[in-house]
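J.: Take a look at this one; I'll ask things after.
The values are calculated or read from the model by the stated rules, or taken from the named source; none is laboratory data. In this text the structure is predicted, and so the values were computed from the model without any measurement. Note that we place each Cβ from the backbone using ideal geometry, even for glycine, and neighbour counts take in every protein chain shown.
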Amino acid sequence: MDGSAKITEIKGVGEKTAKLFQKLDIRTVGELLHNYPRDYEDFKEPLAISDCTAGELCSVRACLAGNITAKKVRSLTILNFVVKDAGGQIFMTYFNMPYIKSILKKGLFYIFRGVVQSKNGRMVMEQAKIYRPEEYYKLTGMLQPRYSLTAGLSNHMVAKAIKQALSLYDFPPDYLPEWVKAGQQLIDYRQAVEEIHFPPDFESMQRARRRLAFDEFFLFILMLRRCREQNAVLENGYSMSDVSQTDRLLKALPYELTGAQKKVWEEIKADLQGPKVMNRLIQGDVGSGKTILAFLALLMCISNGYQGALMAPTEVLAAQHYESMKELTQQYGLAFRPVLLTGSMTAQEKRRAYEAIQCGTKNVIIGTHALIQERVEYRKLALVVTDEQHRFGVRQRERLAEKGENVHVMVMSATPIPRTLAIILYGDLDISLVDELPADRLPIKNCVVGTEYREKAYRFITKEVEAGRQVYVICPMVEEGELEGVENVSSYTEKLQSVLPQNIRIACLHGKMRPADKNRIMEAYAAHNIDVLVSTTVIEVGINVPNAAVMMIENAERFGLAQLHQLRGRVGRGEHQSYCIFINGSGKPQAFERLDILNRSNDGFYIAEEDLKMRGPGDLFGIRQSGLMDFKIGDVYQDADLLKKAGECAEQLLAEDERLEKPEHGALLDYVERMFPETDFRTI
């Protein structure tokens, strides 16, 4: 069985189960095997209660002491009881789990697994998982993989299907050259795939993860270098001249560009007027003013008689760019004739947009992935701008650029990647840095606190909402049980509805929702029909809501500092003072020390550099820097050294054999041509 075989060929996966897998974008055996665990559970020997440490995930063997009490707070049912062993006791709390009363029997021992907290001098566990001892001991001694799931698909079903696939899959020859594997001390590909799913121990899992992360970086950089070779020889077929419209707009704006913006604008103009096609990354912190630079570039483009396109990662952000451009056009009498193109538009709306784009009556096309669909034909596309480009990946960016002939490409990113890594990751692009914030921006006020601060935080949130502001609450997980001891959006929304005043409008948002539902909630929040939005990191690049003034991030210790900074960038966009509350769910001093970097600085690039220093290869169980460069397993912060080594190996390989013609590189060439059919190394 090869990677293209349908997953229905696996025993136990019928059409119904296959449809559930499709919701996770898994249709083939290859896609199933590349669906790596999101996390692992390590079931250690239970501890005595007296040996438990606050902030740690612990398992204790204890029995029920006394009665289980239940109280109702609006829609929330809260159960409280005490469990004991020979040396101590823990107070247990459960929300909306009334069936616990029928599970526990007095006098019997159970194993309770959860994060121990210290509250008012006593040990507490909330929402701990309960196991019968014989159940628990079957799980000890090995790492248990945990996968991303969808309703109807259990972790057991995914693990069972992967075990079957591994036993049937015909692994091709290892494509990494032997000199690379030996030099970097990497295990074989087959062993890596088997042990990433079912590692016998922590060290095996680390070795497997290292090999697979290296592969991702190595292949990505190989493709980038190929793009760079192509771009280096592309002549500027859309040479543009200076236009008065851009100068007129700059004079009319109610603010002056910062020094950094002016410098980057000169670089953009030089590219558009120069002999070669522009391929430029505009990297700048949240709020540094990248969007006005994109609008200026597009204005220069259309004033020279061409079309431009702006691609955003979400429909809401695309709509906001469209409205901003229309507003600028009306206010300053500009030549923009924008059109919006998104996936959720009706067939009739799309048809009208296609016609306007093709005949040239619309000169700026703003949208999402819909911009690169086959049906879209451009009249005279000369400039493509992609916003938050790491959300698209190199191939999607290329597909948009291919809608014209040798078009200029400008990409924008607020992801604060240190320059040393940016040079590797954006190897096919020239890099411009907007490293200065506008003077009128109020700095965000930050605080890093423990879980005991929550009640005070809820009172603060209530006060801000009553003053007319809006709030984000970020949780790492979507549903209960995805990661033990970690807050999740579903339960947290219910909890907030019970503790905040009833007139506060609360909604939740997460990546498992249908796109139409996500857009509806984001639009409602942007229109201030929602006061408090409980969300996962899906809002990281989603919406611009100037009225949002408070963000509270639960389990902040589980995220990378750079990602926390980017999340924080959702607030502080308006005239009101904004606040960010980082809750350290672990209570560990080293987590407070690390998070305090965010307390001390609002500079994303300083924070990204510190993130590199603070995160090491042992930080495997945090929340990944989600979606960055479309890597499934690699993390550019956690694996920075590995990324650099992969870059060096890719450069060395191409220097010695740029067409991959040597016999020892045959397996790699076959793999690259199979995975990236649009790339032909033989014609370099």
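J.: Where residues in segment 630-663 are part of a helix (DSSP H, G or I) and in contact with a Leu (Cβ under 6 Å, 6 or more places away or on another chain), which of them is farthest from Thr415 (Cα to Cα)?
T.: Among residues in segment 630-663 that are part of a helix (DSSP H, G or I) and in contact with a Leu (Cβ under 6 Å, 6 or more places away or on another chain), the one farthest from Thr415 (Cα to Cα) is Ala650.
J.: Among the residues of segment 502-535, write down those that are part of a strand (DSSP E or B) and either touching a Cys at 6+ places or on another chain (Cβ under 9 Å) or without any contact (Cβ under 8 Å) to a residue 40 or more places away in the chain (or both).
T.: Once the filter is applied, which keeps residues that are part of a strand (DSSP E or B) and either touching a Cys at 6+ places or on another chain (Cβ under 9 Å) or without any contact (Cβ under 8 Å) to a residue 40 or more places away in the chain (or both), segment 502-535 yields Ile506, Ala507, Cys508, Leu509, Leu533, Val534, Ser535.
J.: Checking the conditions here, which among Leu421, Leu400 is buried (at least 21 other Cβ atoms within 10 Å of the Cβ), assigned to a helix (DSSP H, G or I) and modelled with pLDDT under 85?
T.: Leu400
J.: So, restricting to helices (runs of 4 or more DSSP H) that lie completely within segment 255-361, which ones have at least 3 residues that are basic (Lys, Arg)?
T.: 259-273, 347-359
J.: Considering only residues that are more than 15 Å from Cys475 (Cβ to Cβ) and either in contact with a Ser or Thr (Cβ under 6 Å, 6 or more places away or on another chain) or surrounded by fewer than 21 Cβ atoms within 10 Å (Cβ to Cβ) (or both), which ones fall in segment 500-520?
T.: Within segment 500-520, Leu500, Pro501, Gln502, Asn503, Ile504, Arg505, Arg514, Pro515, Ala516, Asp517, Asn519, Arg520 meet the criteria.
J.: Let me ask something additional. Find the helices (runs of 4 or more DSSP H) located wholly in segment 80-182 whose residues include 2 or more that are under 30 Å from Arg211 (Cβ atoms), and list them.
T.: Helices (runs of 4 or more DSSP H) meeting the threshold: 155-168.
J.: Going residue by residue through segment 337-350, is there one that turns out to be modelled with pLDDT under 95, basic (Lys, Arg) and within 25 Å of Glu405 (Cβ to Cβ)?
T.: Yes, that holds for at least one residue.
J.: Which condition does Arg226 not pass, out of (1) loosely packed, with under 15 Cβ neighbours inside 10 Å; (2) modelled with pLDDT under 95, if it passes all the others?
T.: Only one criterion is unmet by Arg226, namely (1).
J.: If the requirement is being touching a strand residue (DSSP E or B) at 6+ places or on another chain (Cβ under 7 Å), in contact (Cβ under 8 Å) with a residue 24 or more places away in the chain and more than 25 Å from Leu425 (Cα to Cα), which of these qualifies: Gly308, Gly259?
T.: Gly308
J.: Let me ask something else about it. Please indicate, with yes or no, whether at least one residue in segment 609-616 is in contact with a Lys or Arg (Cβ under 7 Å, 6 or more places away or on another chain), at pLDDT below 85 and part of a loop (DSSP other than H, G, I, E, B).
T.: Scanning segment 609-616, I find no residue that is in contact with a Lys or Arg (Cβ under 7 Å, 6 or more places away or on another chain), at pLDDT below 85 and part of a loop (DSSP other than H, G, I, E, B), so the answer is no.
J.: Just to check your reading of the model, which residue among Leu561, Leu533 is touching a helix residue (DSSP H, G or I) at 6+ places or on another chain (Cβ under 9 Å), more than 18 Å from Ala457 (Cα to Cα) and surrounded by 24 or more Cβ atoms within 10 Å (Cβ to Cβ)?
T.: Sole residue among the options that is touching a helix residue (DSSP H, G or I) at 6+ places or on another chain (Cβ under 9 Å), more than 18 Å from Ala457 (Cα to Cα) and surrounded by 24 or more Cβ atoms within 10 Å (Cβ to Cβ): Leu561.
J.: Of the residues Val124, Val158, Val115, which single one is modelled with pLDDT under 90 and among the β-branched types (Val, Ile, Thr)?
T.: Sole residue among the options that is modelled with pLDDT under 90 and among the β-branched types (Val, Ile, Thr): Val115.
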